[in-house]
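One structure below.
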Amino acid sequence: MRDVKKFIKAKKRKKLIKKISLMTIVVVVGVFIFLTKAPIFNIKSIVFKGNVTISNDVLLSGVSDRVGLNIFTVNQKDIKKEVLSNRYVSTVEVKRKGINTLEITITEEAPVYYINNGIELLIINNDLEVLEETDNIDGRNLVEIKGIDLSAKDDESRVDEFNSYKHILKAFYPYISKNREAIYLSSLDISNIVNIIGYIGDVEILFGDDSDIHNKMENVYRIMLDKDINIAKGYINVSFNGAPVIKVDEVKEEPTIEEGISEENGIIEDASEQGEDVEPVG
């Protein structure tokens, strides 16, 4: 008798489990259909965050066709790929905001370098990828890179050379991206990777190789901002361990008309220069 009762209980339990399972499936399917088909979950707006130089219109142009699609089924990977196709975008994160808004947060590529190939100006990133070709960079605070042969990128025999270029640009990037107005680094010559030369106005900076760039740049900042040294022309040599060597050249003021007039050329320039070597402590 007890066995019969156990059998009946077990059978009822199985029926209950089946009912619950069936109800669960129905509810899940119903919720899924509701979430994926209900118009309330269709994307109404796409919002961009993190863009500074790239306009919303430019970014939106590649993904605007997603408006009206379901927010839960839209392919976020495709959206990321589309936004990343803009060379000035380095990272993309896509999130759902509420029930019908997509929020896309980007990190912009911040180019600080350009190359003058004699025909046009090539704006490049740290990986030596050309982001833009232009004939005008006024107001863009970019540093000219000299001594790079971009054709090395496609030459297997010059892989090490090309990687050396990239390593140097990445080493300088944190400092150049924060170019201080008073000590604006205008160009870098890396034609010789163990004798890198930079220019701040008329001051030549001898870096040597790209090792210990942090201390080298800090020394340059300190010297350039030192009012007692007051260097406007000459050179700063930070290519070796120890105190930097400084040569301060005299900056000649343009002579007045009274000081000298050439019948043919007008103002006579004095080509002579005086300079002094200074070795600061520490």
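The values are calculated or read from the model by the stated rules, or taken from the named source; none is laboratory data. Just so it is clear, the structure is predicted and the values come from calculations on it, not from any experiment. Here the Cβ positions follow ideal geometry from the backbone for every residue, glycine too, while neighbour counts run over all protein chains shown.
As for the stretch 167-187, it holds at least one residue that is in a strand (DSSP E or B), touching a strand residue (DSSP E or B) at 6+ places or on another chain (Cβ under 9 Å) and assigned by TED's automatic domain parsing to the domain that holds residue 121. Listed by first and then second residue, the pairs linking a residue in the stretch 223-245 that is under 17 Å from residue 197 (Cα atoms) to a residue that is of a type in the set (Val, Ile, Thr) and at pLDDT below 90, with Cβ atoms under 6 Å apart and 6 or more places separating them unless they lie on different chains, are 224/183; 232/251; 233/251.
Here the stretch 226-253 is the region considered, the condition is being touching a Lys or Arg at 6+ places or on another chain (Cβ under 7 Å) and of a type outside the set (A, V, I, L, M), and the residue that is modelled with the lowest pLDDT is 249.
One line per residue, one yes/no per condition, for (1) surrounded by 12 or more Cβ atoms within 10 Å (Cβ to Cβ); (2) closer than 15 Å to residue 110 by Cα; (3) at pLDDT 90 or above:
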site: 123; (1), (2), (3): yes, yes, yes
site: 131; (1), (2), (3): yes, yes, no
site: 139; (1), (2), (3): no, yes, no
site: 143; (1), (2), (3): yes, yes, yes
site: 152; (1), (2), (3): yes, no, no
site: 157; (1), (2), (3): no, no, no
site: 166; (1), (2), (3): yes, no, yes
site: 173; (1), (2), (3): yes, yes, no
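Sub-9 Å Cβ pairs linking a first residue in the stretch 196-208 that is more than 15 Å from residue 176 (Cα to Cα) to a second residue that is in a strand (DSSP E or B) and hydroxyl-bearing (Ser, Thr, Tyr), at least 6 apart or interchain, are 203/235; 204/235; 206/235, ordered by first then second residue. Residues in the stretch 175-203 that are crowded, with 17+ Cβ neighbours inside 10 Å and either over 21 Å from the mean Cα position of the chain (by Cα) or among the basic types (Lys, Arg) (or both): 196, 197, 199, 200, 203.
Within the stretch 92-99, does at least one residue satisfy the condition of being in contact with a Ser or Thr (Cβ under 9 Å, 6 or more places away or on another chain), of a type outside the set (Val, Ile, Thr), outside the structural domain of residue 133 (by TED's automatic domain parsing) and not in a strand (DSSP E or B)? No: zero hits. Within the stretch 43-90, the residues that satisfy the criterion of being of a type in the set (Asp, Glu) and within 22 Å of residue 132 (Cβ to Cβ) are 57, 82.
Looking across the stretch 68-81 at every residue that is part of a loop (DSSP other than H, G, I, E, B) and touching a helix residue (DSSP H, G or I) at 6+ places or on another chain (Cβ under 9 Å), the one that is surrounded by the fewest Cβ atoms within 10 Å (Cβ to Cβ) is identified as 73.
Can residue 153 be described as outside any loop (DSSP other than H, G, I, E, B), closer than 23 Å to residue 194 by Cβ, without any contact (Cβ under 8 Å) to a residue 40 or more places away in the chain and in contact with a Leu (Cβ under 8 Å, 6 or more places away or on another chain)? For residue 153, the condition - outside any loop (DSSP other than H, G, I, E, B), closer than 23 Å to residue 194 by Cβ, without any contact (Cβ under 8 Å) to a residue 40 or more places away in the chain and in contact with a Leu (Cβ under 8 Å, 6 or more places away or on another chain) - is met.
A residue that is at pLDDT 90 or above, of a type outside the set (A, V, I, L, M) and outside any helix (DSSP H, G or I) occurs nowhere in the stretch 264-278.
For (1) touching a Ser or Thr at 6+ places or on another chain (Cβ under 8 Å); (2) of a type in the set (Phe, Trp, Tyr); (3) in a strand (DSSP E or B); (4) assigned by TED's automatic domain parsing to the domain that holds residue 187, each residue gets a yes or a no:
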{"residue": "52", "(1), (2), (3), (4)": "no, no, no, no"}
{"residue": "57", "(1), (2), (3), (4)": "no, no, no, no"}
{"residue": "62", "(1), (2), (3), (4)": "yes, no, no, no"}
{"residue": "65", "(1), (2), (3), (4)": "no, no, no, no"}
{"residue": "83", "(1), (2), (3), (4)": "no, no, no, no"}
{"residue": "104", "(1), (2), (3), (4)": "no, no, yes, no"}
{"residue": "119", "(1), (2), (3), (4)": "no, no, no, yes"}
{"residue": "128", "(1), (2), (3), (4)": "no, no, no, yes"}
{"residue": "131", "(1), (2), (3), (4)": "no, no, yes, yes"}
